[in-house]
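Please read the structure below before turning to the comments.
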Amino acid sequence: MSVNVLFAATKARWEEYRDPLHAALSEVGVTAKIDIDMAPRQVDYIVYAPNSEVQDFTPYTRAKAVLNLWAGVEAVVHNPTLKIPLCRMVDPALTQGMVEWVTGHILRLHLGMDAHITASPGTWRPVAPPLAFDTRVTVLGLGELGLACAEALKGLGFDVAGWSRTPKDIPGITGFHGLDEALARADYAVLLLPATSDTENTLNARTLALMPAGARILNPGRGPLIDDKALLNALDTGHIAHATLDVFRTEPLPPGHGYWHHKSVTVTPHVASETRAAYSSKTVAENIRRGEAGEPFLHQVDRRAGY
Ligand code: NAP
């Protein structure tokens with residue numbers, strides 16, 4: 001028995017995914033026809049990216065699941081035509097990429113790498129950087145990515161705490177259920193929350209003011225987690241010493257945006273972690289196998305919570 005899989009993402013992605021998806025499905029023993037064009041009534045699974053042309057799921061009457069290629073689902077989770085399970089992307093490469101981006105950018109700031117790179121004899125200023133043991137990092141969001149980053153930072157010696165919707169008991173990581181306490185101790189705050197109505201403006205004028213003077217912020221989560229005006233104000237006063245931002249309310253970040261030229265902001269172009277076909281195809285294939293075997297899907301989104 002063969003299943004029909006519609007690949008509903010951009011054309012460029014199809015070139016990347018065609019072979020890895022076929023290989024991953026055959027590895028899990030599923031015979032499939034995969035294509036970018038298929039009569040909707042014949043589609044069993046939709047491999048999906050929210051920037052796809054497919055925005056109305058109504059014609060896909062026999063489809064069993066939408067398998068999102070992105071970890072973030074805010075652009076599809078509230079689609080009123082979506083009545084079947086929605087699964088998001090979790091794969092080891094996505095997690096590893098995020099761990100590398102977060103640890104790399106924290107170490108850059110922590111070690112003062114920019115200031116210590118001596119470009120000329122006049123820049124020889126030997127000031128010892130602080131140690132990780134004496135530096136407190138709070139990770140907001142302890143899901144697949146946040147937890148992996150928290151563990152990696154703990155491994156580097158940082159004093160790590162985390163905040164999540166449901167309380168967590170993680171050895172060596174201080175768990176907070178209250179945001180205010182979590183931020184009040186944060187020399188660094190790393191935002192790895194999903195974009196939902198509850199997380200919008202998690203960092204705002206009030207919560208930024210709770211952070212210690214000179215704190216730094218890293219946002220590889222989603223743009224709406226931060227009230228941009230409040231962050232720019234806090235950067236102007238120096239209360240927040242630096243923000244390293246990978247995601248924005250509008251992407252690409254518009255040319256006139258205040259973040260571009262602020263001396264205390266580092267902008268990266270939504271590269272913190274990329275979905276790589278060789279790895280994410282395996283997650284997709286395993287979910288199709290599960291769907292066919294009548295087993296529960298992995299990483300199914302809670303539509304009410306929005307992530
Ligand atoms: P996840 O596994 O769903 O984890 C989300 C975490 O956020 C969970 O710990 C969850 O708490 C917590 N959370 C959700 N709502 C909350 C609230 N109202 N208050 C407190 N905590 C809340 O997601 P993930 O895989 O780690 O990914 C996180 C986000 O990273 C994605 O949604 C996406 O936006 C972003 N991302 C960015 C890139 C990039 O390249 N920049 C790449 C991939 C992903 P519970 O544990 O209690 O559920």
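Starting from the Cα-Cα distance between residue 10 and residue 198, subtract it from 0.36 nm times their residue separation and give me the gain in nm to one decimal.
The residue 10-residue 198 span can extend by a further 64.7 nm.
All other residues with a Cβ under 14 Å from the Cβ of residue 306 taken together, and with Lys, Arg as +1 and Asp, Glu as -1, what is their net charge?
Around residue 306, the charge tally is +1.
Do any of 64/282; 33/282; 11/229; 11/282; 83/168 go past 28 Å between their Cα atoms, and which?
11/229; 83/168
Given a Förster distance of 45 angstrom, what is the FRET efficiency for residue 295 paired with residue 263, based on the Cβ-Cβ distance and rounded to 0.05?
0.25
Measuring from centroid to centroid over Cα atoms, what is the spacing of the range 1-60 and the range 209-255 in Å?
For the range 1-60 versus the range 209-255, the Cα centre distance is 37 Å.
If you put +1 on each Lys and Arg Cβ and -1 on each Asp and Glu Cβ, how big is the dipole of the range 158-201 around its Cα centre, in Debye rounded to 20?
120 debye
Based on the Cβ-Cβ distance from residue 213 to residue 305, what FRET efficiency comes out when R0 is 35 Å, to the nearest 0.05?
My answer for the efficiency is 0.55.
For the chain, what relative contact order do you get, as a whole percent, if you take Cα pairs closer than 8 Å and at least 6 residues apart?
19 percent
Non-local amide H neighbours of residue 215 (under 5 Å, H modeled in plane, Pro and chain starts lacking H): which ones?
Counting only residues 5 or more places away or on other chains, the set is 241.
Between residue 2 and residue 241, what length comes free when the chain is fully extended (0.36 nm per residue of separation minus the Cα-Cα distance, one decimal in nm)?
Full extension from residue 2 to residue 241 adds 80.4 nm.
Tell me, what ³J(HN,Hα) does each residue in the range 14-23 have, in order and in whole Hz, if you take phi through Karplus 6.51 cos²θ - 1.76 cosθ + 1.60 with θ = phi - 60° and put x for Gly and Pro?
Along the range 14-23, the couplings run 4, 4, 5, 8, 3, 6, x, 5, 4, 5 Hz.
For the residue pair residue 116 and residue 180, what label-to-label distance in nm results when each label sits 7 Å from Cα along the Cα-to-beta-carbon direction?
The answer from the label model is 3.7 nm.
Every read-out reported here was derived from the displayed coordinates using simple, explicitly stated rules and does not represent laboratory data. The model shown is predicted, which means the values in this text are computed figures rather than measured ones. Virtual Cβ from ideal backbone geometry, glycine too; neighbours counted across all protein chains shown.
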